[in-house]
Protein chains: 2
Amino acid sequence: MTALPAKVTIWEVGARDGLQNEKSVVDVQTKAEFVRRLLAAGLPIVEATSFVHPKWVPQLADAAELMTMLDNPDLPVLVPNERGLDRALELGLKHIAIFGSATETFANKNLNRSLDEQFAMFEPTVVRAREAGMDVRAYVSMCFGDPWEGAVPIDQVVSVGKRLFDLGASQLSLGDTIGVGTAGHVKQLITAFGEAGLGTDALAVHFHDTYGQALANAYAALEVGITTFDASAGGLGGCPYAESATGNLATEDLVWMLNGLGIEHGVDLDSLVATSVWMAEKLGRESPSRVVTALA
Amino acid sequence: MTALPAKVTIWEVGARDGLQNEKSVVDVQTKAEFVRRLLAAGLPIVEATSFVHPKWVPQLADAAELMTMLDNPDLPVLVPNERGLDRALELGLKHIAIFGSATETFANKNLNRSLDEQFAMFEPTVVRAREAGMDVRAYVSMCFGDPWEGAVPIDQVVSVGKRLFDLGASQLSLGDTIGVGTAGHVKQLITAFGEAGLGTDALAVHFHDTYGQALANAYAALEVGITTFDASAGGLGGCPYAESATGNLATEDLVWMLNGLGIEHGVDLDSLVATSVWMAEKLGRESPSRVVTALA
C-alpha cells in the first residue's frame with residue numbers, strides 16, 4: 001500500500017471559481033452568507049471572489065462590496081492584474097491569487113498576452129503584493145490539455161510553473177481547466193515538478209470533472225504526496241448538462257473519499273452538504289455532487 | 001509509479017444491471033439493438049439480461065424472448081436460482097452469473113435466506129451449470145457497506161467470496177452495491193482475497209457511483225492488479241437525481257481513464273457514446289456519464 005498523507009488542506013473555490021462559472025447571478029448577501037457557512041463547516045481556506053473587470057465576469061462585479069461585508073483579510077481573492085491588486089490593497093487583504101496559463105493559446109485568449117509576456121505582466125503585481133506583505137498563490141491553467149493545442153507537454157507546464165513560482169508565488173495550483181487529464185498524467189506532472197525542485201509542499205491540484213476524472217486524479221495526487229486540494233462546494237462551476245460543462249471537483253465527494261481513507265481535513269460533511277443544498281436552491285439547479293445528491 | 005496492467009477486460013452490465021434499475025421499461029427490440037451495438041463498439045463481454053421472476057424485475061420480463069432474438073450463447077445472463085438455470089439451459093446458453101450477498105441482512109432481504117443458507121441454495125445451480133459445461137460468475141454484493149449493517153468486515157467478504165468460488169464459480173465480481181466504499185478499502189479487500197488464495201485473475205470489481213467514488217475506486221483496483229472491471233454504458237442503472245441513486249460506474253468514464261493510462265481495452269469510445277446517447281433518448285433522460293455529457 002502507498003503511504004498517504006495523514007492530513008490535507010482543502011482550498012475551497014466554490015465562491016470564486018464556482019459562482020464565476022454559474023449562469024445565475026446571486027446577490028452579495030447570499031455570497032457573504034455562503035462564505036460564512038463554508039468557514040463554519042470547517043473549510044480552512046475559502047477563496048472568496050475575484051477582482052476581475054465586471055465586463056468579463058459580471059457574476060463577481062460585487063467583489064469589493066462582498067469583501068467589505070465579510071471584513072476578513074485572511075480570505076484569498078483572485079486578482080488578474082495590478083488594478084485588481086490595488087483594490088485588494090485598499091481593502092487591506094492579505095492573500096491574493098494570480099491566474100496564469102500553461103499554454104500559448106490560452107494566454108492569448110485569456111490574458112491577451114503571449115506565454116512569455118504573461119510573466120512580465122504578472123511581475124509587478126507579485127512584487128508589489130509581496131512588498132505589502134501579501135501571500136501570493138499562482139494558478140497554472142491548462143496543465144493537462146488545452147482545447148486548441150491538445151495535450152500540453154509536461155516540461156512546458158513545469159517551466160511555466162517554475163517561472164511563476166520564481167516571481168514570488170508561495171504555491172502553485174496546477175489546474176486541469178478542461179478536465180481531460182487522467183491519473184497517470186497527474187503523477188507524471190507532479191513528479192516532474194519535484195525533479196525540477198518544486199516539491200509537493202509548493203503545489204496544489206485543481207481538477208474539473210468534465211470527463212469524470214476529478215476524484216480519481218485527486219487520489220493519484222494524494223499517492224504522490226500532494227496535500228492541498230482545490231474543490232468547490234456542491235461541484236459549483238458549470239452546469240454538467242451544458243455543452244461547456246466544466247464542473248469543479250465537488251468538495252463533498254473529496255471529503256467522502258478522505259473520510260474513507262482516514263485522512264484529516266477538518267470539514268464537517270453534514271454542514272457542508274446543507275450549505276450546498278441551500279446554494280443549489282438559490283441557483284435553481286441540482287448540485288452535480290454525487291454525495292450531495294445522495295445525502296440531501 | 002505503480003506498474004499497471006497493460007490490458008483489461010470490461011464486463012458491460014448496462015443491459016442487465018443498468019436496465020433492471022431504470023424506471024422506464026424499454027421494449028425487447030430496443031434491448032436487442034442495445035446489446036448488438038455494445039458488442040459492435042468492441043465490448044468483449046455484454047451481460048444481456050436476468051432470468052429473475054418478472055414479479056421482482058418487470059423490466060427484464062422478456063429475458064427469454066431477448067436471448068432468442070440475440071441467438072448468441074456466449075452472452076452471460078444472471079440466474080437467481082435453478083428455475084433461472086433451467087431457462088438458460090433450454091436456450092443453450094453457456095455463461096451464467098449468480099448473485100450472492102456478503103451480508104446477513106441483504107441475504108435475508110434479497111434471497112430470503114440467511115448468509116449461510118445462500119450457499120446451499122446456490123450449490124445445485126452451480127453444480128448443474130458446471131456439469132452442463134457452463135461458465136459461472138458469482139456476484140458478491142454489499143462487499144463494502146450495507147444499508148442496514150454499515151461497514152462490512154473484510155474477513156466476512158473474503159469468507160463469503162471463497163465459499164462461492166469453491167462451489168464452482170470461475171470469477172467473483174466484488175460489488176459496492178451502495179457505492180460507499182473508498183480507494184483504500186478497495187485495496188485492502190483485494191489484498192485480503194489474495195492472502196486467502198484468490199488472486200486478481202479470479203476477481204472483478206463492480207462499483208456504483210452513488211457517492212462519486214466509482215472511478216477512483218477502479219483506479220485503486222487497477223493499482224493492485226485487477227484486470228476485469230464491470231461498468232454500465234452511459235452509467236445506466238439508477239437516476240442520479242432519485243433518492244435511491246445507485247448509478248453504476250459509466251463505461252465511458254472508465255474508458256476515458258484507461259485511454260489516458262494507455263491501457264488496452266478494445267472499446268471504441270465514439271461508438272459507445274453514440275449508443276449511450278441513443279439509449280438515453282429511449283429512456284427519456286440524460287446520461288449521468290460525464291464523458292457522454294461532454295462528448296455528446
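Here are the numbers:
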quantity: Hits in segment B:1-27 (condition: surrounded by 14 or more Cβ atoms within 10 Å (Cβ to Cβ), among the hydrophobic types (A, V, I, L, M, F, W, C) and part of a loop (DSSP other than H, G, I, E, B)); calculated: B:4, B:8, B:13, B:25, B:26
quantity: All positions within segment B:127-167 that are of a type in the set (Asp, Glu) and within 13 Å of residue B:98 (Cα to Cα); calculated: B:135
quantity: Residue check, residue B:123 touching a residue at least 24 places away in the same chain (Cβ under 8 Å) and outside any loop (DSSP other than H, G, I, E, B); calculated: yes
quantity: Condition met for residue B:128 (on the phi < 0 side of the Ramachandran plot and modelled with pLDDT of 95 or more); calculated: yes
quantity: Residue check for residue B:145: more than 19 Å from the chain's Cα centre (by Cα) and within 22 Å of residue B:209 (Cβ to Cβ); calculated: no
quantity: Residue list for segment B:28-51, filter: in contact with a helix residue (DSSP H, G or I) (Cβ under 7 Å, 6 or more places away or on another chain), among the aliphatic types (A, V, I, L, M) and surrounded by 23 or more Cβ atoms within 10 Å (Cβ to Cβ); calculated: B:35, B:38, B:41, B:46, B:48
quantity: Selected residue (only one of B:100, B:42, B:92, B:133 is closer than 16 Å to residue B:17 by Cα and not in a helix (DSSP H, G or I)); calculated: B:100
quantity: Residue tally, condition in contact with a Ser or Thr (Cβ under 9 Å, 6 or more places away or on another chain), more than 9 Å from chain B (Cβ to nearest Cβ) and either part of a helix (DSSP H, G or I) or at pLDDT 95 or above (or both), over segment A:279-296; calculated: 5
quantity: All positions within segment A:121-137 that are closer than 17 Å to residue A:160 by Cα and hydrophobic (A, V, I, L, M, F, W, C); calculated: A:121, A:122, A:126, A:136
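Yes/no matrix, rows are residues, columns are (1) charged (D, E, K, R); (2) under 24 Å from residue B:30 (Cα atoms):
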{"site": "B:186", "(1), (2)": "no, no"}
{"site": "B:196", "(1), (2)": "no, no"}
{"site": "B:214", "(1), (2)": "no, no"}
{"site": "B:230", "(1), (2)": "yes, yes"}
{"site": "B:234", "(1), (2)": "no, yes"}
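The values are calculated or read from the model by the stated rules, or taken from the named source; none is laboratory data. Because the structure is predicted, anything quoted here is derived from the model rather than measured. Ideal geometry is used to build each Cβ from the backbone, glycine not excepted, and the neighbour counts take in all protein chains shown.
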